[in-house]
Structure formats: structure tokens, C-alpha cells
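Just below is one structure, and these are the notes that go with it.
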Amino acid sequence: MGFYAEAWLREARNKIAFQPDQPATVENLTAQDFAKLTDAVEKAIKAALIENYGSIPQKHDHKKLVAICQSTGVWDVLPPALKDLVQEIDSYDVASEVEATSPKFTSAPADKLQRYFSLTHRLIDYIEYHVIGNDSVLRRLRVA
């Protein structure tokens, strides 16, 4: 793993790690917990940009994850399941301000939320090993 991306990937993993005193379930997932998933996906994607460029250029320092992926070339290397995750997370993040007043996130069943956690772990690993860990892929990113 690269020097620059290590902290970002670690922080992404920490966002979605369950605490020892919490049950390993997503049945009671709140909007705040789902926001952590969103943040973890964002940090993983931006870790690749940082590893490629050394920082995040101002034009990519926003929360429109699909747009970031498409404009930098990350989208081209993501498998379909991870593209779907990024699209769903991105659409949730846009709607999150509207739903922020809701005390509980209830628009997705527990099995779908469990899938989000699983795919988020896969996305972080994929970014680490197949994007950042592969120099030929990393050099193809168009960050600047």
C-alpha cells in the first residue's frame, strides 16, 4: 500500500468497524450509521486519488462520488457490484439532508444494509489491492 493512502484507508475501515460492545447486526442501523458507510466509501475512493496525486485537487474535493470516479478513471476499473454500491451511496448522500430529521433510517431492509457493509469492505479492499497496489492502474487515473 502506498504511503499517502494508508491513513485514508485505515480511516475508511474504522468508519465501518463494529465496536466490541455492539452486536454484529445492522437491524438497528440509523441514518448516522449509514452516513458512516457513505464516508467510508468516499475515503476509499479519495485514497486512490491521494496516492496518485499526493493530495485531492479542489475540483475533486466534493461528495459526488460517481462524478469523482468517472472524471478520474476510477469508474473504469470498478467491477459492476462496486459501481452499484457507489451509485447507491451517492444517491443516499444527496438525499441524506432531507432524511436527517428522521430518527431512524428505514428505507432499506436489514439484508440490504448488511450487503452495503459487505460491499463497502470489498470496495476498500479493492481500492487498496487492485487500484493503489497496481501501479499500471494507479498511473491511469486522471487526477490533476
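No value in this document is a laboratory result; all are computed from the given coordinates. Just so it is clear, the structure is predicted and the values come from calculations on it, not from any experiment. Cβ: placed from backbone, ideal geometry, glycine included. Neighbour counts: every protein chain shown.
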Once the other residues with Cβ under 14 Å from the Cβ of residue 76 are scored (Lys, Arg +1; Asp, Glu -1), what is the net sum?
-> +4
Could you work out how far apart the two model spin labels at residue 139 and residue 114 are, taking each label as a point 7 Å from the Cα in the direction of the beta carbon, and quote it in nm?
-> 4.3 nm
